[in-house]
1. Among the numbered criteria (1) among the polar types (S, T, N, Q); (2) under 29 Å from Gln27 (Cβ atoms); (3) in contact (Cβ under 8 Å) with a residue 24 or more places away in the chain, which one does Asn120 miss?
2. When you check Lys150 against the structure, is it surrounded by fewer than 16 Cβ atoms within 10 Å (Cβ to Cβ) and under 17 Å from the mean Cα position of the chain (by Cα), yes or no?
3. For residues in segment 29-61 being among the basic types (Lys, Arg) and within 17 Å of Trp88 (Cβ to Cβ), which is surrounded by the fewest Cβ atoms within 10 Å (Cβ to Cβ)?
4. Go through segment 79-103 and give me each residue that's open to solvent by 70 Å² or more (accessible area, probe 1.4 Å) and of a type outside the set (Phe, Trp, Tyr).
5. Just to be sure I understand the filter: pairs with C-beta atoms under 8 Å, separated by 6 or more residues or on different chains, first member in segment 135-147 and in a helix (DSSP H, G or I), second member among the small types (Gly, Ala, Ser). Which pairs pass?
6. Condition (residue is at pLDDT 90 or above, under 22 Å from Trp154 (Cβ atoms) and part of a helix (DSSP H, G or I)) applied to segment 20-38: is it met by at least one residue?
7. Can you tell me which residues in segment 177-192 are out of contact with any helix residue (DSSP H, G or I) (no Cβ under 9 Å at 6 or more places or on another chain) and loosely packed, with under 15 Cβ neighbours inside 10 Å?
Amino acid sequence: MAIATFIENSKSEGSCYESFLIHEEMQTKTRIVGAQAIDDFQVFSDNSKRLTQRLKNFEESQDREIACLVLGRVQSGKTAHLLSTLAWAVDSSVSFATVFTGITGPLNIQTSKRIEKEFNKLSGNFVKVLRMPTKTQFNEFDFVRKTLLKYVEWRQSDNSLDANRPALPILVTMKNPARIEALQDLFAEIED
């Protein structure tokens, strides 16, 4: 009953990050039983909070660059940590996020669907996932450009961190020169 109350409170506060942690804790308890579930989630939660605190410190500093390397075994929580940083970004002043995938279309689609699926489990319209096309895919590129600019403008004009905060646009981008060039053009347009 206490977890249900905490979930309802998080929903009313509109915190994507807290909702994500609650959901992740419940998921851990369905995969692992007993004290091990509590211990595993505590390790994940502590590491996630340490990482997001590092991001918050970066956001508040004058630094222009930060690098974080994620390395781990299969099923060790790498994707969960990525998702927790995106959840943190929803609640922050971040205007948009980019997630780089491999170089194949199926992996790009899989990543997009995974992000959408995980955030759709939470109550709230927290993210808007867009797949980054090349500039030669004119109609798709124009749609992504217009959508991204609209969401960035909404996020920059709305400084509140309540439940009405605009969704965080997330660009899922294959690592190839044509898409990175298109992404650079979008960055330049947003900066202008």
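The values are calculated or read from the model by the stated rules, or taken from the named source; none is laboratory data. Remember, it's a predicted structure, so these values are computed and weren't measured experimentally. All Cβ positions, even for glycine, are placed from backbone atoms using ideal geometry, and neighbour counts span all protein chains on display. The protein model used for the area step is the full one, side chains on, heavy atoms only, and it has no ligands, DNA or RNA in it. Shrake-Rupley method; radii C 1.70, N 1.55, O 1.52, S 1.80 Å.
1. (3)
2. no
3. It comes out as Arg50.
4. If the condition is that a residue be open to solvent by 70 Å² or more (accessible area, probe 1.4 Å) and of a type outside the set (Phe, Trp, Tyr), then Ser93, Ile103 are the ones that fit.
5. Phe141/Ala182
6. Yes, because at least one residue in segment 20-38 is at pLDDT 90 or above, under 22 Å from Trp154 (Cβ atoms) and part of a helix (DSSP H, G or I).
7. Selection gives Pro177, Ala178, Glu181, Gln184, Phe187, Ala188, Glu191, Asp192.
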